[in-house]
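Since the structure comes first, as structure tokens, the remarks are kept for the end.
We did not get these values from a lab; they are worked out from the coordinates using the rules stated. On a predicted model such as this, the values are computed, not experimentally measured, just so you know. Glycine also receives a Cβ, built like all others from the backbone with ideal geometry; neighbour counts cover every protein chain displayed.
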Amino acid sequence: MNKFSLVLAVDHNGTMGMDGHLPWPKVIRDIKHFVDITKNKAVLMGRKTLVSMGGPLTSRLNIVASRNFEKVRYKNFVGISTLDIPPQLHIPNERIYVIGGKTLYEHYYDIADEIYLSIINGTYYGDTHFNVNISDWNIVDEEKWKDESGVTGKFLRLIK
Ligand SMILES: NC(=O)c1ccc[n+]([C@@H]2O[C@H](COP(=O)([O-])OP(=O)(O)OC[C@H]3O[C@@H](n4cnc5c(N)ncnc54)[C@H](OP(=O)(O)O)[C@@H]3O)[C@@H](O)[C@H]2O)c1
């Protein structure tokens with residue numbers, strides 16, 4: 001059986017996306033954190049997140065959900081036509097990191113046993129929101145940070 005971790009970043013209102021992109025300017029500290037968590041792992045995403053990233057991530061097994069792969073011009077990913085991992089898909093070490101977007105977070109919220117939640121301080125304008133109810137989870141790690149851009153935030157690791 002696969003285990004699932006959500007990896008997501010939100011502002012104080014749960015805003016997580018804007019017009020197919022992240023709502024905030026580049027936050028290097030958060031990007032490095034994301035790479036540390038996901039490098040050499042299996043990542044699962046929706047087709048819109050694949051497009052928003054400009055294609056599959058290097059050094060990771062990219063699994064992408066879409067109902068119509070004809071629209072997708074990228075290669076080097078494993079396509080699935082449902083939100084669930086088909087049983088025939090073998091995933092090394094079994095944990096899969098769900099990296100968005102909202103559709104995938106909603107589907108996996110109750111299935112996941114771990115969340116890497118990055119909170120970006122402030123409020124940003126956006127069209128996509130996802131709220132994690134932190135009181136449903138146990139906080140096992142918490143780290144405050146300041147990015148070189150001046151943006152501040154904190155990283156939480158939550159488990160069930
Ligand atoms: N802040 C963060 O941590 C974070 C992380 C990731 C993404 N984002 C942002 O989130 C936004 C995108 O999120 P989103 O929810 O709009 O899109 P998404 O979850 O990335 O992708 C949605 C797509 O998944 C496919 N899909 C949905 N249900 C499916 C099903 N039952 N079976 C197979 N495929 C299915 C469909 O692809 P087709 O249309 O091809 O069928 C659908 O259009 C962007 O703004 C992005 O920048 C933020």
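As a quick test, which of the pairs Lys48/Lys71; Lys26/Lys146; Lys48/Lys102; Lys102/Lys144; Lys102/Lys154; Lys3/Lys160 have an alpha carbon distance above 18 angstrom in this structure?
Too far apart for the 18 Å limit: Lys102/Lys144; Lys102/Lys154.
For the ranges 106-119, 71-84, what's the packing order if you count other beta-carbon atoms within 10 Å of each residue, average per peptide, and put the highest first?
Ranking the peptides 106-119, 71-84 by packing returns 106-119, 71-84.
As a test of the definition: which semi-axes, in Å, follow for the range 42-102 when you take the square root of five times each eigenvalue of its alpha carbon gyration tensor? Largest first, please.
Over the Cα atoms of the range 42-102, the semi-axes work out to 17, 13, 11 Å.
What number do you get for the range 3-146 when its Cα radius of gyration is normalised by 2.2 N^0.38 Å, N = residues?
1.01
Could you tell me the calculated FRET efficiency between Val35 and Met1, based on Cβ-Cβ distance and R0 = 30 angstrom, to the nearest 0.05?
0.65
Could you work out the equivalent-ellipsoid semi-axes for the range 68-160, taking the square root of 5 times each eigenvalue of the Cα gyration tensor, largest first, in whole Å?
Output for the range 68-160: semi-axes of 28, 19, 14 Å.
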